[in-house]
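The next block holds one structure in the form of structure tokens; read it before the comments.
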Amino acid sequence: MAFLSFEQLVNKIDQLEEANILIAALEFRVFTHLGKRSLTSWALAKKSKIHPEGAEALLNALVSLGALRKSENTFANTSDSFRHFCEHSPQYKLGTVFLRKENRDEWSHLIDIIKNGRNISEDDDDDPEFRVPFTYAMHERSKKFSKALAQFITRKPVGKLVDLGGGPGSYSAEILKNDKSARAVLIDRAASLKVAKKILKNSAVIERFDFVPGDLFKVSLGNETNTVLYSNILHIYNKSENLRLFKKIYKSLKPEGRFILVDLFLKNNRTEPPDAALFSLTMLLFTATGRTYTFEETEKLLKKNGFGKFTRFELGQGSSVIEAVKI
């Protein structure tokens with residue numbers, strides 16, 4: 001493991017400046033106001049309702065970072081800043097923008113939470129105004145992993161798939177594209193399912209989806225299920241909560257049915273991979289009881305509920321899969 005030098009440590013801290021500059025640009029909708037036009041800092045200040053002096057300093061800093069272009073006294077989007085961060089672009093990343101702005105506020109509480117502990121209720125995130133953009137963010141993130149995950153899962157027949165807390169249904173959709181005989185039941189909050197239906201409405205696989213709104217701990221999972229997908233759910237809950245859901249999932253599966261867990265799993269030293277280790281702090285900030293788990297402790301929890309025949313598969317960027325079988 002390589003250790004950071006003094007200069008590297010300071011550079012990491014100084015990245016806070018760059019992050020705040022970019023978040024300010026999102027907050028004041030700079031990329032949206034520019035669109036496909038070139039504007040002076042004064043014109044942008046008027047549209048964004050910010051101080052002209054601040055607008056000029058911000059725009060010049062964004063050019064310096066490579067997020068905007070400048071020609072004489074006017075500023076314009078780059079191809080990427082327009083495509084992903086202008087609200088008028090078909091590829092606008094609504095969810096990604098929302099989460100980055102949301103995270104700025106939450107991470108400012110890190111020192112207090114480390115000192116005094118969590119102060120989050122389990123009901124805090126059950127808010128449609130939060131849930132809608134969050135679901136879009138999960139769809140945007142899932143594009144990195146959906147094809148690799150679907151290939152891994154569809155190496156065997158999928159049959160009836162229950163996607164538990166599956167948000168936008170992006171992973172299930174890719175799975176159904178690969179396995180033409182599979183069907184999916186997407187279970188999540190009503191606000192998330194509304195987004196999922198919008199995302200999937202033009203997809204051929206939507207005809208093989210059933211949408212079931214409800215609380216994961218209360219809604220029926222049915223029976224005769226062949227495959228259950230548990231994507232990025234494990235880290236939301238503590239051990240006892242996960243065990244309750246594992247027991248419920250076990251009962252719903254046919255013999256030899258597969259339970260697929262996708263998460264940022266840690267090695268036993270809890271410091272690797274880095275994405276998973278850092279994510280532990282994210283869960284401290286954003287959940288009432290959640291944390292990241294090691295591969296080994298997750299498999300021990302699964303064994304307690306009768307699962308075995310574990311297979312691990314790495315997706316990348318800290319994310320991996322554990323496949324367990326009902327035995």
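None of the figures in this text is laboratory data; all of them are computed from the coordinates on show. These numbers were taken from a predicted model, which means no experiment stands behind them. Cβ sites come from the backbone with ideal geometry, for glycine too, and all protein chains shown count toward neighbours.
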(message) Please list, in order along region 32-47, the HN-Hα scalar couplings obtained from phi with the Karplus expression 6.51 cos²θ - 1.76 cosθ + 1.60 (θ = phi - 60°), rounded to whole Hz, x for Gly and Pro.
(response) 6, 5, 6, x, 9, 9, 10, 10, 6, 5, 5, 5, 5, 4, 5, 5
(request) Give me the Debye-computed log₁₀ of I(q)/I(0) at q = 0.07, 0.12, 0.15 Å⁻¹ for the chain, equal point scatterers on Cα only, no solvent, two decimals. (result) -0.34, -0.93, -1.27
(message) If amide hydrogens are placed 1.01 Å from N in the peptide plane, which non-local residues have theirs closer than 5 Å to the one on Gly166?
(response) Ile187
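Can you sort Tyr293, Tyr92, Tyr171, Tyr237 from fewest to most other Cβ atoms within 10 Å of each residue's own Cβ? Please report the intermediate quantities before stating the final value.
Values: Tyr293 24, Tyr92 18, Tyr171 28, Tyr237 21.
Taking fewest neighbouring Cβ atoms as first place, the list is Tyr92, Tyr237, Tyr293, Tyr171.
Per DSSP H run of n ≥ 4, the term is -39500 (n - 2.57); total these for the chain, divide by its residue number, and report the mean residue ellipticity at 222 nm rounded to 500 deg cm²/dmol. Display every interim value, and only then the final one.
Numbers: 14 runs with 157 residues, N = 327.
Using -39500 (n - 2.57) per qualifying helix, the result is -14500 deg cm²/dmol.
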(message) With 10 angstrom as the radius, rank His51, His84 by how many other C-beta atoms surround their C-beta, starting from the fewest.
(response) His51, His84
(request) State the number of lysine pairs found in region 1-149 whose Cα atoms come within less than 20 Å, restricting to pairs 8 or more positions apart or on distinct chains. (result) 14
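Tell me, Arg155, Arg29 in order of fewest to most beta-carbon neighbours within 10 Å?
Numbers: Arg155 13, Arg29 17.
Fewest-to-most Cβ neighbours within 10 Å comes out as Arg155, Arg29.
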(request) Subtracting the Cα-Cα distance from 0.36 nm times the residue separation, let me have the gained length for Ser38 to Thr78 in nm, one decimal. (result) 13.3 nm
(request) Under 14 Å Cα to Cα from Lys177, which aspartates and glutamates show up? Leave out anything in the same chain fewer than 8 places away. (result) Glu207
(message) What does the extension gain come out to for Ser203 and Val63, with contour length at 0.36 nm per residue minus their alpha carbon separation?
(response) 46.5 nm
(request) Mind jotting down a quarter of the surface of the convex hull over the alpha carbons of region 53-149, in square nanometres, one decimal? (result) 10.0 nm²
(message) Taking the Cα centre as origin and putting +1 on Lys and Arg beta-carbons and -1 on Asp and Glu beta-carbons, what dipole magnitude results for the chain, to the nearest 20 debye?
(response) 1320 debye
